[in-house]
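One structure is given here, and the rest of the page talks about it.
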Amino acid sequence: MTGGIAGVERFDSPGKGRGLRVTKAFKVGELLFSSPAYSYVLSMKERGSNCECCFTRKEGLARCGKCRKACYCNVKCQKADWAMHKLECSAMTAFGENWCPSEMARLVARILAKKKTQKERSASEKILLIEDIQSHEEDVDNEKREMTELDVAGLHRYFSKHLDLPDHKDLLTVFSQVACNGFTIEDDELSHMGTAIYPDVALINHSCLPSVIVTYNGTSAEIRAVKDMKPGDEVLISYIDLLYPTDDRNNRLRESYYFTCECQECKSKSKDKVKLKVRKQSDPIEQDVINNMVRYARKTIREFRALKTMCEQSLEEMGAIFDDSNVYMLHMMYQAMGVCLYMQDPDRAIAYGEKIIKFYNKLYPPYSLNVSSLYLKLGRLYMLMDRHSVGISALKKAMAIMEVAHGKDHFYLKELRKEMAQK
């Protein structure tokens, strides 16, 4: 059996199944526990910028001598990663440009390889074993099943030479487990760096009023309180972006995690009114006009691929009905900000960012990474435009959130302090 995690225990959460609760008090910003990844994989687009082993981003990484693709801080990192990298090393060379497994298939390959060699519980399984993670396999629809079949085919094509694969049914189970329980490792601006699986962290249930936040220190997950917690309180994270109104949040939860949230916010819908705010007009806007505009906004967001003109046209059209605080307007403004950055128009990007941050502060819970990452983007843009005092102010606001979410000694905070000192 296992020693568990100090201050935290597994229990049966009413209406939710198994979960975690605290056995002692925790203050805002206090670390409940840290968990190394059972298995993880660096995103292909980060290759060359980040170490494959520890995810450190720096210049002058050393390339693997065989494939010339994977990069490492030093020999120590390269040796530590070899058991996983060898699954890909020769295959990347053999397939060349045709080597293109999904990130999910790459992670599953690593999980299977680790299971084969594992002799005892890992440090990421103090409470829950990897095979006991929930799969929701019976809930998967045909479209998702087809996608999984493609991933399974990719696994066979790219990894079967170096890996004894289990039978088809067992493979489908592992892919379903990872789909429901995989975590995206993100940097300080919430850019995707890779994917990982943490069995103990997978026990934490969802709430739209979370009590903790998950951040990353290298490839380890750190769970910190964002509310004061007393013994017996359930440990709750948010599985989704909390900006959106209740129906949208629950559609996403049902689609990805197969449940409907019944937290106090979902019952009261207290923020929905401001999240779906419409313009004040002399003639009240008919409900069917609002409903049609919600459908239009959702469709536009789903299909959003074009650049600046589409953003501005959409904002103009939606802005005739929706208030600037409306989350569909905020979503489109955020996309427009990204487009402006891509097109090297920092002034316009700042203008969008300033509009967004005003409402993010009201709509997101305290200590939200969505808020801190936007302050970071704005702060760095201000600095770029030689607006130093307002830039430092924005970076300080990001830092105040990050000190709670990441802990005061996190690498990101140290780097941010250096960045501010140089300005």
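The values are calculated or read from the model by the stated rules, or taken from the named source; none is laboratory data. This structure is a prediction, so every number in the text was calculated from the model and none was measured. Cβ coordinates were reconstructed from backbone atoms using ideal geometry, including for glycine residues, and neighbour counts include every protein chain displayed.
The sole residue among 106, 121, 68, 57 that is basic (Lys, Arg) and crowded, with 17+ Cβ neighbours inside 10 Å is 106. Here residue 232 meets each of (1) on the phi < 0 side of the Ramachandran plot; (2) part of a loop (DSSP other than H, G, I, E, B); (3) in contact (Cβ under 8 Å) with a residue 60 or more places away in the chain; (4) surrounded by fewer than 19 Cβ atoms within 10 Å (Cβ to Cβ) with one exception, condition (1).
Quick one: would you say residue 413 is without any contact (Cβ under 8 Å) to a residue 24 or more places away in the chain and within 18 Å of residue 186 (Cα to Cα)?
yes
A count restricted to the stretch 361-411 and to residues that are outside any helix (DSSP H, G or I) and touching a His at 6+ places or on another chain (Cβ under 9 Å) stands at 0. With respect to residue 283, is the statement that it is within 16 Å of the chain's Cα centre (by Cα) and either closer than 28 Å to residue 142 by Cβ or at pLDDT below 95 (or both) true? Against the criterion (within 16 Å of the chain's Cα centre (by Cα) and either closer than 28 Å to residue 142 by Cβ or at pLDDT below 95 (or both)), residue 283 does not qualify.
Look through 368, 393 and report the one residue that is of a type outside the set (A, V, I, L, M, F, W, C), at pLDDT 95 or above and buried (at least 22 other Cβ atoms within 10 Å of the Cβ).
Checking each option against the conditions leaves just 368.
If the condition is being in contact with a helix residue (DSSP H, G or I) (Cβ under 8 Å, 6 or more places away or on another chain) and part of a loop (DSSP other than H, G, I, E, B), then the stretch 188-197 contributes 188, 189, 190. When restricted to residues that are surrounded by fewer than 13 Cβ atoms within 10 Å (Cβ to Cβ) and either polar (S, T, N, Q) or out of contact with any Ser or Thr (no Cβ under 9 Å at 6 or more places or on another chain) (or both), the stretch 140-161 contains 6. Considering 75, 8, the condition of being among the aliphatic types (A, V, I, L, M) and either modelled with pLDDT under 90 or surrounded by 13 or more Cβ atoms within 10 Å (Cβ to Cβ) (or both) is satisfied by 8 alone.
Considering only residues in the stretch 164-179 that are surrounded by fewer than 19 Cβ atoms within 10 Å (Cβ to Cβ) and touching a residue at least 40 places away in the same chain (Cβ under 8 Å), the one that is farthest from residue 213 (Cα to Cα) turns out to be 164. Among helices (runs of 4 or more DSSP H) entirely within the stretch 66-163, having at least 1 residues that are in contact (Cβ under 8 Å) with a residue 60 or more places away in the chain, touching a His at 6+ places or on another chain (Cβ under 8 Å) and hydroxyl-bearing (Ser, Thr, Tyr) singles out 89-95.
Condition first: within 26 Å of residue 239 (Cα to Cα) and either basic (Lys, Arg) or touching a strand residue (DSSP E or B) at 6+ places or on another chain (Cβ under 7 Å) (or both). Can you find one or more residues in the stretch 380-392 that meet it? No, there is no match, as no residue in the stretch 380-392 is within 26 Å of residue 239 (Cα to Cα) and either basic (Lys, Arg) or touching a strand residue (DSSP E or B) at 6+ places or on another chain (Cβ under 7 Å) (or both).
For the stretch 236-269, a residue qualifies if it is within 18 Å of residue 17 (Cβ to Cβ), over 18 Å from the mean Cα position of the chain (by Cα) and in a loop (DSSP other than H, G, I, E, B), and the qualifying residues are 258, 259, 260, 261, 262, 263.
Condition check ((1) within 30 Å of residue 95 (Cα to Cα); (2) hydroxyl-bearing (Ser, Thr, Tyr); (3) touching a Cys at 6+ places or on another chain (Cβ under 6 Å)) across all residues:
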site	(1), (2), (3)
175	yes, no, no
182	yes, no, no
195	yes, yes, no
198	no, yes, no
209	no, no, yes
212	no, no, no
217	no, no, no
248	no, no, no
265	no, no, yes
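Of (1) within 18 Å of residue 244 (Cα to Cα); (2) modelled with pLDDT under 90; (3) under 22 Å from the mean Cα position of the chain (by Cα), residue 297 satisfies all except one. Which? So residue 297 meets the others, but not (3). Taking (1) farther than 20 Å from residue 190 by Cα; (2) without any contact (Cβ under 8 Å) to a residue 24 or more places away in the chain; (3) surrounded by fewer than 17 Cβ atoms within 10 Å (Cβ to Cβ) in turn, residue 15 satisfies each apart from (2).
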